[in-house]
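Below is one structure, written out as structure tokens; the observations come after it.
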Amino acid sequence: MRSLILCSGAALALLACTSEEPPTGPATGTSPAFAAVNTYTAVDLGTLGGCCTTARAINPAGQVVGFGLGIGGEYAFLWDKGVMTDLGTLGGSVTRAVDINPAGQVVGESSTPEGLSQAFLWEKGVMTNLGTLRGEPGSFSSATGINPAGQVVGVSAAAEGGFHAFLWDKGVMTDLGTLGGCCSQATRINPAGQVVGASRTAEGNDYHAFLWEKGVMTDLGTLGGASWAEGINPAGQVIGWSALVGGIGDGPLHAVLWEKGVMRDLGTLGGGLAFGYGINPRGQVVGYRSGQVGGAYLWEKGIVTDLGTLHGGESEARAINPAGQVVGASETATHDSFHATLWTRN
């Protein structure tokens, strides 16, 4: 899939290894059914200049955040009622917004004048640098999720080396640790303070999806290779993906749903591979599957709906709000750019 911004970025960059671990015995469902008619309309959210944008999150009010390529760098945006606003920077040329809560607080990462990436919290026009776990100049951090209480999660350079998942709450950044390996990354946090992400384990180089709750990080298991948790809803249902035996380079990638300790293999959903990225309170899942016209899909109770594109060949869904509005990115009709996209049910 070709795009500057449709790939998972941090997740795929960190998963440059393989594993020989046996499968953990996930629950497997029946083959998915496919909706006969696409019942969603794709809306182009546009750009603030440059070729491309991607939407990464949408809150219950329909406010959308994401980022795009502009002249000289990348910008973060907030889209609200048809108006796209540049969120500014921490002084550098690259800013990416990746999540927004019901209050309109936005998190992501932005570069400083020195070119360092730092986690930020944006609220009412003000962007605040959240700092790092290492607490020194030259350290990296990136915020990836925020819940209604304003608790923020992400990844940061750790005090003892490597990169660790963090929880930021009222000005205090806490190291969430790892599953025994060098590195971990948080991706999302729900209203109850449950955090999901992925971590290297003590046994090998592969990353495993995790659920962190009240100081305890639990390995969610894999389909035999690496796994990654991408989203969690208020009920604690977790969506993500896993490779089969052989790791991310050798094994097919399947969308995976975890619920109450049980892993459900959603398969490739009719494509060559599938990623699960977002899940709402109703248990509706969105993501990307390859080998299909479009790629962006919605999964609900075993039925897969192709969300379509902006008249281009590729698309990817990243998030879904309680009302079922979906956001992501789609190739345009000119086939030379991707634009942030909002899918609404007809």
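Structure notes:
- Amide H contacts under 5 Å for Met263: Ala27, restricted to partners 5 or more places along the chain or on a different chain, H placed in the peptide plane at 1.01 Å from N.
- Taking θ as phi - 60° and the Karplus parameters 6.51, -1.76 and 1.60, the scalar couplings of the stretch 222-235 work out to 9, 8, x, x, 6, 9, 8, 8, 10, x, 8, 9, x, 7 Hz in sequence order, x denoting glycine and proline.
- Whether the stretch 123-213 is rounded, prolate or oblate, judged on the alpha carbon gyration tensor where a/c under 1.5 counts as rounded: oblate
- Inter-probe distance in nm under a simple model that places probes 7 Å from Cα toward Cβ, at Cys51 and Asp336: 0.8 nm
- Dipole axis of the stretch 26-345 (+1 Lys, Arg; -1 Asp, Glu on Cβ), positive-most option in Thr344, Leu176, Leu116: Thr344
- 27 Å Cα-Cα reach of Lys124 towards lysines, excluding residues that sit fewer than 8 places from it in its own chain: Lys81, Lys170
- Only the Cβ atoms of Lys and Arg (+1) and of Asp and Glu (-1) were treated as charged; on that basis the dipole of the chain about its Cα centre amounts to roughly 740 debye.
- Applying 1/(1 + (r/R0)^6) with R0 = 22 Å to the Cβ-Cβ distance of Ile303 and Lys81 gives a FRET efficiency near 0.10.
- Amide H to amide H, with H built 1.01 Å from N, Gly221 comes under 5 Å of Ala209, counting only residues 5 or more places away or on other chains.
- Distant-in-sequence amide contacts of Leu90, defined by a placed amide H-H separation under 5 Å and a gap of 5 or more residues or a different chain, comprise Ser111.
- With neighbours defined as other Cβ atoms within 10 Å of a residue's Cβ, the residues Ile239, Ile58 order from fewest to most as Ile58, Ile239.
- In terms of surrounding Cβ atoms within a 10 Å radius of their Cβ, His335, His311, His164 rank from fewest to most as His335, His311, His164.
- The trypsin sites (Lys or Arg not before Pro) of the stretch 129-206 that meet both conditions, a loop assignment by DSSP and at most 11 other Cβ atoms within 10 Å of the site Cβ, are Lys170.
- Per-residue HN-Hα couplings for the stretch 50-66 [Karplus 6.51, -1.76, 1.60; θ = phi - 60°; Hz; x = Gly/Pro]: x, 7, 9, 9, 9, 9, 10, 7, 9, 9, x, 7, x, 6, 10, 10, x
- DSSP loop GluC sites (Glu not before Pro) with at most 14 other Cβ within 10 Å excluded, longest remaining stretch of the chain: 204-346
- With neighbours defined as other Cβ atoms within 10 Å of a residue's Cβ, the residues Cys52, Cys182 order from fewest to most as Cys182, Cys52.
Bear in mind that the values in this text are calculations on the coordinates, not laboratory data. Just so it is clear, the model here is predicted, and its values are computed rather than measured. So basically every Cβ, Gly included, is an ideal-geometry build from the backbone, and we count neighbours across all protein chains shown.
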